[in-house]
Amino acid sequence: MDLRDSQKQKILIVDDSEMNRAILAEMLGDNYDIIEAEDGEKAIPILQEAASELSLVLLDVVMPYMDGFGVLKVMNQRRWIEELPVIMISAEKGPTQIERAYELGVADFITRPFDALIVRRRVVNTILLYAKQKKLINMVEEQIYEKERHSNMMIDILSHIVEFRNGESGQHIVHVRVLTEAMLRALVAKTDRYPLTQVDIALISTASALHDVGKIAIDEDILNKPGKLTDVEFATMKAHSLVGAEMLDNLSTYREEPLVKTAYEICRWHHERWDGRGYPDGLVGDEIPISAQIVALADVYDALTSERCYKKAFPHDVAVEMILNGECGTFNPLLMDCLRSVAPSLPKLLSGEWTMASAWEAPKELTREILRQEELAQSGVFSQEGGHKEEERK
Amino acid sequence: MTLEACYAALGGDYKDVCGRLCGERLVKKFVLKFLDDPSFGLLRDAMEAQNWGEAFRAAHTIKGMCLNLSFTRLGTSSSALCEALRHGYTPEAEPLFRQTVEDYEATAAAIRAFRTEEEGA
């Protein structure tokens, strides 16, 4: 809803009595475009089609086919209620009805008989309030987007410095992040075994850039050796995962930060394998944090499809097949499923031809999540759950 | 017959409705419209068919309109009928229905008289 929009704002009136609809429409006068529905069942398709264009719904309680509470339930299920204010209007005066309406998210409740001035004033106030809130949410979204962009940029720059020593193009970091995010989204869509929020997804994707930061401590001659590494050289090379993790653990100021903790997991365990045959700790299965499991897979895919001093690049299809066949170590079977489902879109995502919907959607989702948590915290519901969650992370 | 006299005849609160609807213009418009509203017909059919849910909704709609138009007398009887039918049939519904019919007919008669004079004027 744009306040500068010169078009009239649209209000949907849902009431089974034509006369009541007409009275309301008259009360609101010529200031609004009025759309009418004579019961809840007729209101739903209108909402389906134009919820985002509406500024307000005036909703009766008692109606045939689907009553006002039925409409509110659908509006909750489809999350229309979050952005579209509803004022409930009824001759019902019982406190339970009114309470139920507020619980289902109505902005206001007006009892009959109504006064033209009061209806008009409440309508205007509600619309303005929601418009202001929407504007604020948009501002927060923009801020979060910018903040994310900047912190990603800083981490990218830092990680590229490490990559350049390795003679790599600098694209590896970007590829691993895109892959990690795509895999995380596929995983969350597939299962709720790993309770990952949008905040977690953003965090892991960002932290993925730091997976090889420990290579800063490895001799360039070993990093860039074209042929096969000797056992000693390989042992030195393998140290990069522990070295990176230690570097992060030694950051006295930031070590408790979620980003650094996640980066620690990724640095330390991105060479572990599902069957326990990885390094440095030989963790098995879900002993390996899901962040590290996914970055490991992303790292392998990108290594296969990139040219390195010791090998040529494999085409996308071949690389996916090699991973699925277990030629690059064993991965979580769930992640294999995820790889199968994201594989078709990977070449376009990695070439930048497609941007992940997340580029702009993620900050929006993040903002919503933060706002929801704030609201829950205020209502006292979240403090408990939030506490548990932090415990689990420790 | 003035609108005020019509309100006196049907047992309504003229001052209240004019205050809420900001003057006589809208009141007149909706009072005349009341005669075309199908809710009373629906109520009668539903009571006859013993469809108590439908009868409750129709009584509820009439009650709502009466509240909006300050038709106090019909509002009182339709509201009582509405409560008697809220959770299905109760024996009180029968006399309350008869009262509602009586009040509706008195209301409709007063409005019709007002309309005839308006059209003649």
Mind counting the residues in segment A:39-66 that are within 14 Å of chain B (Cβ to nearest Cβ) and touching a strand residue (DSSP E or B) at 6+ places or on another chain (Cβ under 8 Å)? 8
Looking at segment B:90-106, is at least one residue within 14 Å of chain A (Cβ to nearest Cβ) and touching a helix residue (DSSP H, G or I) at 6+ places or on another chain (Cβ under 6 Å)? no
Report, ordered by the first and then the second residue, all pairs with beta carbons closer than 6 Å, sequence separation of six or more or different chains, a first member in segment A:51-70 that is assigned by TED's automatic domain parsing to the domain that holds A:P85, and a second member that is of a type in the set (A, V, I, L, M, F, W, C) and part of a loop (DSSP other than H, G, I, E, B). A:A51/A:L84; A:L54/A:L84; A:S55/A:M1; A:G68/A:V61
Options A:E233, A:E181, A:E246; residue that is within 15 Å of the chain's Cα centre (by Cα) and part of a helix (DSSP H, G or I): A:E181
Among (1) surrounded by fewer than 17 Cβ atoms within 10 Å (Cβ to Cβ); (2) more than 14 Å from every other protein chain (Cβ to nearest Cβ); (3) farther than 21 Å from A:D16 by Cα; (4) modelled with pLDDT of 85 or more, there is one condition A:I118 misses while meeting the rest; what is its number? (2)
Go over the candidates A:Y145, A:Y254 one by one and state the one that is more than 28 Å from A:Y310 (Cα to Cα) and in contact (Cβ under 8 Å) with a residue 40 or more places away in the chain. A:Y145
Determine which member of the set A:I87, A:I35, A:I81 is closer than 18 Å to A:Q133 by Cβ, part of a strand (DSSP E or B), more than 14 Å from every other protein chain (Cβ to nearest Cβ) and free of Cβ contacts under 8 Å to residues at least 40 places away in the same chain. A:I87
Going by what's in this entry, would A:A131 be described as within 30 Å of A:E26 (Cα to Cα), away from every other protein chain (no Cβ under 14 Å) and touching a residue at least 40 places away in the same chain (Cβ under 8 Å)? yes
Can you tell me which of B:G11, B:G120 is on the phi > 0 side of the Ramachandran plot and more than 11 Å from chain A (Cβ to nearest Cβ)? B:G11
Would you tally the residues in segment B:6-18 being surrounded by 15 or more Cβ atoms within 10 Å (Cβ to Cβ) and without any contact (Cβ under 8 Å) to a residue 60 or more places away in the chain? 5
For segment A:55-91 the number of residues that are of a type in the set (D, E, K, R) and on the phi > 0 side of the Ramachandran plot is 1
Whichever residue in segment B:58-84 is in contact with an Asp or Glu (Cβ under 7 Å, 6 or more places away or on another chain) and within 10 Å of another protein chain (Cβ to nearest Cβ) and, among such residues, is farthest from B:L96 (Cα to Cα): B:S70
Here are some residues: B:Y104, B:Y89. Which one is in contact (Cβ under 8 Å) with a residue 24 or more places away in the chain, surrounded by fewer than 17 Cβ atoms within 10 Å (Cβ to Cβ) and of a type outside the set (A, V, I, L, M, F, W, C)? B:Y89
Exactly one of B:C18, B:C66, B:C22 is assigned to a loop (DSSP other than H, G, I, E, B) and under 24 Å from A:I118 (Cα atoms), and that one is B:C22
For residues that are touching a residue at least 12 places away in the same chain (Cβ under 8 Å) and within 8 Å of chain A (Cβ to nearest Cβ), tally how many sit in segment B:31-55. 4
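The values are calculated or read from the model by the stated rules, or taken from the named source; none is laboratory data. On a predicted model such as this, the values are computed, not experimentally measured, just so you know. Ideal geometry is used to build each Cβ from the backbone, glycine not excepted, and the neighbour counts take in all protein chains shown.
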